[in-house]
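K.L.:
Below are the structure tokens for one structure; questions will follow.
The values are calculated or read from the model by the stated rules, or taken from the named source; none is laboratory data. Note that the structure is a prediction, hence the values are computed from the model and not measured. Positions of Cβ are generated from backbone atoms using ideal geometry, with glycine treated the same way; all protein chains shown enter the neighbour counts. Quick note on the areas: whole protein, heavy atoms, side chains included, nothing else; ligands and nucleic acids left out. Shrake-Rupley method; radii C 1.70, N 1.55, O 1.52, S 1.80 Å.
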Amino acid sequence: MSLVNSTSQISLNSSEELPSLSDRITSIRKRISDAAAASNRAESEITLIAVTKFHPADIAREVYEAGVSDLAESRPQEFLLKQQAMADLSDVQWHFVGQLQRNKAKFIRSSNAIIHSVDRSSLIDALARGSEADDVQQIFLQLNLTDDPNRGGVAPDDLLSLADYASSVGQFSIKGVMAVPGLGKPLEEEFAKIHEASERLRSILPDAKSISAGMSGDFETAIRFGATHLRIGTAITGPRDTTR
Ligand SMILES: *Cc1c(COP(=O)(O)O)cnc(C)c1O
């Protein structure tokens, strides 16, 4: 046997030992259920969203077939291609979680996705112009917990004025807040800030009770701090090839 063959034999064997996508989803669901129970929360108030960005549409389809019908993307072009490739699946709820430029707002608005990354009034205007039918668009208001304005999100101090603005425009159903903890920051402090922002938002919009937070590395902590919409990528799909 040549060296090349024996090497590929080894990698084949080790990949066979990796859990399948459906096993990974089962184990994540179990961890969600355990974390919910530990916080005295109902598992039914927590939505698992699989982030399939950078993976091909057949992986997204496999995730769906394994029972996760909430799927998220973060890049408009990739989202468009995946939505087209999966147009036969009428019960997929799409979510858009990436930074959104105004010139893509109309397309995203027409996609029936829940948009997690609404963070400025100019984007709210562009989204409002994106529909002729005045249908309701579900949104989360994204918080920026860092000092870096390039990270996307509204500063926590400006959250309520943005919420007021979105309400005044109409057309929007504000589900709640969305955030990504700052890199290298203490997780519990970050999630406490998100929870506090959510409470402030609810003081003016009682129905805006959802919290979109929690990713592969931190979703159990997020659940402890009230997360209702988990955005989980790599723990389900494996690592992303971001050069694609
Ligand atoms: C990619 C992405 C996720 C998923 O992150 P993982 O660490 O792979 O679970 C969640 N939220 C947003 C906004 C993302 O862009």
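K.L.:
Rounded to the nearest 10 Å², what accessible area does D23 show when all protein chains are kept and the probe is 1.4 Å?
P.N.:
About 80 Å², ignoring ligands and nucleic acids.
K.L.:
Tell me, what ³J(HN,Hα) does each residue in region 125-140 have, in order and in whole Hz, if you take phi through Karplus 6.51 cos²θ - 1.76 cosθ + 1.60 with θ = phi - 60° and put x for Gly and Pro?
P.N.:
Result, ordered by residue: 4, 5, 5, 5, 6, x, 10, 8, 7, 6, 5, 7, 9, 7, 9, 10 Hz.
K.L.:
So if I place +1 on the C-beta of Lys and Arg and -1 on the C-beta of Asp and Glu, and nothing else carries charge, what would the dipole magnitude of region 165-244 be about its Cα centre? I want it in debye, nearest 20.
P.N.:
Around 240 debye, computed over region 165-244.
K.L.:
Let me check something: with ligands and nucleic acids excluded, how do R240, R24 order by accessible area (1.4 Å probe), largest to smallest? Please list the in-between numbers first.
P.N.:
Details: R240 85, R24 55 Å².
Result of the area sort, largest leading: R240, R24.
K.L.:
Taking only C-alpha pairs under 8 Å that are 6+ residues apart, what is the relative contact order of region 66-210 in percent?
P.N.:
Reported as a whole number, the value is 18 percent.
K.L.:
Here's something else I'd like to know. Within the chain, what whole-number % of the accessible surface is contributed by carbon and sulfur, with the 1.4 Å probe and all protein chains included in the calculation?
P.N.:
On the chain, the fraction of accessible area on carbon and sulfur atoms equals 50 percent.
K.L.:
List, in order, the whole-Hz ³J(HN,Hα) value for each residue of region 117-123 obtained from phi through the Karplus relation with A = 6.51, B = -1.76, C = 1.60 and θ = phi - 60°; use x for Gly and Pro.
P.N.:
10, 7, 9, 7, 5, 5, 6
K.L.:
If you don't mind, there's one more thing I want to ask. Could you pull out every residue, at least 5 positions away or on a different chain, whose amide H is within less than 5 Å of the one on D70? Hs are placed 1.01 Å off N in the peptide plane, and Pro or chain starts have none.
P.N.:
A50, Q93
K.L.:
What is the magnitude of the charge dipole of the chain about its Cα centre, with +1 placed on the Cβ of each Lys and Arg, -1 on the Cβ of each Asp and Glu, and no other charges, expressed in debye to the nearest 20?
P.N.:
Working: 26 positive and 33 negative charges, 66 e Å.
Charge dipole of the chain: 320 debye, to the nearest 20.
K.L.:
Rolling a 1.4 angstrom probe over the protein chains, ignoring ligands and nucleic acids, what is the accessible area of L80 in square angstrom, nearest 10?
P.N.:
Probe radius 1.4 Å; accessible area of L80 about 50 Å².
K.L.:
Hey, another quick one. With runs of 4+ DSSP H residues as the only contributors, calculate the mean residue ellipticity of the chain at 222 nm using -39,500 (n - 2.57) per run, divided by the residue total and rounded to the nearest 500.
P.N.:
Numbers: 10 runs with 104 residues, N = 244.
Counting only the DSSP helices, I get -12500 deg cm²/dmol.
K.L.:
Please name whichever of S44, G67, L100 sits farthest to the positive end of the charge dipole of region 41-143, dipole taken about the Cα centre and charges placed at Cβ: Lys and Arg +1, Asp and Glu -1.
P.N.:
Highest projection toward the positive end goes to L100.
K.L.:
Can you work out the accessible area per residue across region 108-242, with the rest of the protein chains kept in place, probe 1.4 Å, in square angstrom?
P.N.:
Computed with neighbouring chains in place, this is 43 Å² per residue.
K.L.:
Given a 1.4 Å probe and the protein chains all in place, what does the accessible area of Y64 round to, in Å² to the nearest 10?
P.N.:
Using a 1.4 Å probe on the heavy atoms, I get roughly 50 Å².
K.L.:
I've got another one for you. With charges only on Cβ, +1 for K and R and -1 for D and E, what is the dipole size of region 104-146 about its Cα centre, in debye, rounded to 20?
P.N.:
Result for region 104-146 is approximately 180 debye, rounded to the nearest 20.
K.L.:
A follow-up question, please. Taking Cα atoms, how many degrees apart are the long axis of helix 76-85 and the longest axis of the chain, rounded to 10 and kept between 0 and 90?
P.N.:
Around 60 degrees separate the two axes.
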